[in-house]
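J.: First the structure, which I've put down as structure tokens, then a few questions once you've had a look.
The values are calculated or read from the model by the stated rules, or taken from the named source; none is laboratory data. Everything numeric here is computed off the predicted structure, so don't read it as measured data. Neighbour counts are summed over all protein chains in view; Cβ atoms, including those assigned to glycine, are modelled from backbone coordinates with ideal geometry. All accessible areas refer to the heavy atoms of the entire protein, side chains included, with ligands and DNA or RNA removed. Shrake-Rupley method; radii C 1.70, N 1.55, O 1.52, S 1.80 Å.
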Amino acid sequence: MLFAHINLIDKDFQYRENQWVGVEGSRITYIGDTAPDEASAARMGKLYDGENKLLMPAFYNAHAHAPMTLLRGYAENLPLQSWLNDSVFPFEAKITPEDCYWATLLSCAEMARYGVVSFSDMYYHMDQGARAVIEAGLKANLSDTLIAFGETRLKDLPLAENHKRLLRYFQGAEDGRIVVDCNIHAEYTSNPAAVADVVAFAHEHDMRIQVHVSETELEHEECKDRHDGLTPVQYFNNLGVFDGPCTAAHCVWVDDADIEILADRGVFVAANPASNMKLGSGFAPLAKMLERGVRVCLGTDGMASNNNNDMMQDMYLFALLPKGDMRNPALITPQEALFAATRQGALSQGRSDCGMIEVGAKADLCVLDISGPSWTPMTNPLVNVVYAGHGSDVCLTMCDGRVVYEDGIWPTLDIDQAKYEVSSRTQRIISEL
Ligand SMILES: [Zn+2]
């Protein structure tokens, strides 16, 4: 595809008008003020009219539970612990592998519709997750979940075999679109020996780790009671969780010493502002983390606690919340918000050639329709993207050079069937409870 006369957000997160951007295969091969030569243009194929359009890097959702789409709207107005124990866990016990496939497929459709090309997922039945992501044409870092109560070790759990199978069949599949990670659900759902088992496995197989950290005040304080005053960050740091690449979701209740550790160990923190507010968990100290150099990216979390995959909505909250929380309007620039939602998310997934519009980078792009009233005037285009734009302004999403959404059409999947399957499977599960 050759995008003609299009406005874009470049690799330095600067706005440039009236550009030409060429894509060949899975990569961006041309960016310029003028059209490429005829031979190059012929290789790029379809010409895309960029008038009233804005081309930007696609979004990377750094924390998700795609199959939880089944639970959208199911457990509402509950605090996290009772939300999890009384509603979510009993519902999840009824979810089959095929349910996971359909819910992940619908989640992929929703993400593609909102300009998201890749997500980091923590759940179960990840073979089915991989199947859905491959079919939808998206990318994902998929991780099967460690929950290990009592003295249970990794070798005692089906997870041990799941890890091996996922690695064998899916690690690096589809030209790297699928990456298999490890995960540790949380401090309060595992024991130190099992955590150490997962860390050893991850390091042995060069895998990244995803983990929930200090999401609620209760979790943070109970961890200190259980582990001689260690916070979740200190506890996981001592167990080697941060010795390799790691994404820590939430980090709402981290203290100053925790922030030092997260910065020094190069941990990616996936902020989930919508989910944290919806579950009444609080506000992560995002401005302080960014100031200290923590690598903060952005996630939607699951659909039972958001309840949508519109990353632009989370990006809006990401930019707003620290201002209100700290009563300082100077905090979080539009560039910082955009970087967290795109490039930093790609880096958190180990995708160093993704998340920016640059020659040689993967063609992971989204196009925003900027003809609507909320985009005028374009006095400050980046401010418009962060504060005036919506996910529904996305009119095209491209992943590895392939269009996965355009103007109400999902060329890779049957959207009506995906909606029907998820709706009827949710009804079945609720009737079984
Ligand atoms: Zn989560």
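J.: When residues of the stretch 64-74 are filtered for being within 14 Å of the ligand (Cβ to nearest atom) and either assigned to a loop (DSSP other than H, G, I, E, B) or not assigned by TED's automatic domain parsing to the domain that holds S120 (or both), how many remain?
T.: Residues flagged as within 14 Å of the ligand (Cβ to nearest atom) and either assigned to a loop (DSSP other than H, G, I, E, B) or not assigned by TED's automatic domain parsing to the domain that holds S120 (or both) within the stretch 64-74 amount to 1.
J.: If I filter the stretch 247-290 down to residues being part of a helix (DSSP H, G or I) and in contact (Cβ under 8 Å) with a residue 40 or more places away in the chain, which single residue comes out as nearest to the ligand (Cβ to nearest atom)?
T.: N276
J.: Right, next: Count, please, the residues in the stretch 291-317 that happen to be within 11 Å of the ligand (Cβ to nearest atom) and among the hydroxyl-bearing types (S, T, Y).
T.: 2
J.: So, one more: Report yes if some residue within the stretch 77-92 is in a helix (DSSP H, G or I), among the hydrophobic types (A, V, I, L, M, F, W, C), farther than 18 Å from R402 by Cα and at pLDDT 95 or above; otherwise report no.
T.: Within the stretch 77-92, one or more residues are in a helix (DSSP H, G or I), among the hydrophobic types (A, V, I, L, M, F, W, C), farther than 18 Å from R402 by Cα and at pLDDT 95 or above.
J.: Shifting gears a bit: Can you name the residue in the stretch 383-394 that is under 21 Å from the mean Cα position of the chain (by Cα) and surrounded by 19 or more Cβ atoms within 10 Å (Cβ to Cβ) and, of all such residues, is nearest to A363 (Cα to Cα)?
T.: My answer is V394.
J.: Of the residues L382, L321, L338, which is closer than 14 Å to A274 by Cα and touching a helix residue (DSSP H, G or I) at 6+ places or on another chain (Cβ under 8 Å)?
T.: Testing whether each residue is closer than 14 Å to A274 by Cα and touching a helix residue (DSSP H, G or I) at 6+ places or on another chain (Cβ under 8 Å) leaves just L321.
J.: Give me the pairs, please: first residue somewhere in the stretch 28-56 and assigned to a loop (DSSP other than H, G, I, E, B), second residue anywhere and among the hydroxyl-bearing types (S, T, Y) and modelled with pLDDT of 95 or more, beta-carbon distance under 6 Å, and either six or more positions apart or on two chains.
T.: P36/Y30; N52/S371
J.: Under the condition of being among the basic types (K, R) and under 17 Å from D206 (Cα atoms), which residue from the stretch 136-165 is least open to solvent (accessible area, probe 1.4 Å)?
T.: This residue is R165.
J.: Are there any pairs with C-beta distances below 9 angstrom linking a residue in the stretch 291-312 that is under 12 Å from F268 (Cβ atoms) to a residue that is in a loop (DSSP other than H, G, I, E, B) and near the ligand (Cβ under 10 Å from one of its atoms), with the two at least 6 apart or on different chains, and if so which?
T.: What qualifies is L298/N272; G299/N272.
J.: Quickly run through the stretch 37-63 and pick out the residues that are over 30 Å from A337 (Cβ atoms) and either open to solvent by 40 Å² or more (accessible area, probe 1.4 Å) or not assigned by TED's automatic domain parsing to the domain that holds G389 (or both).
T.: Result: D37, E38, A39, A42, R43, G45, K46, L47.
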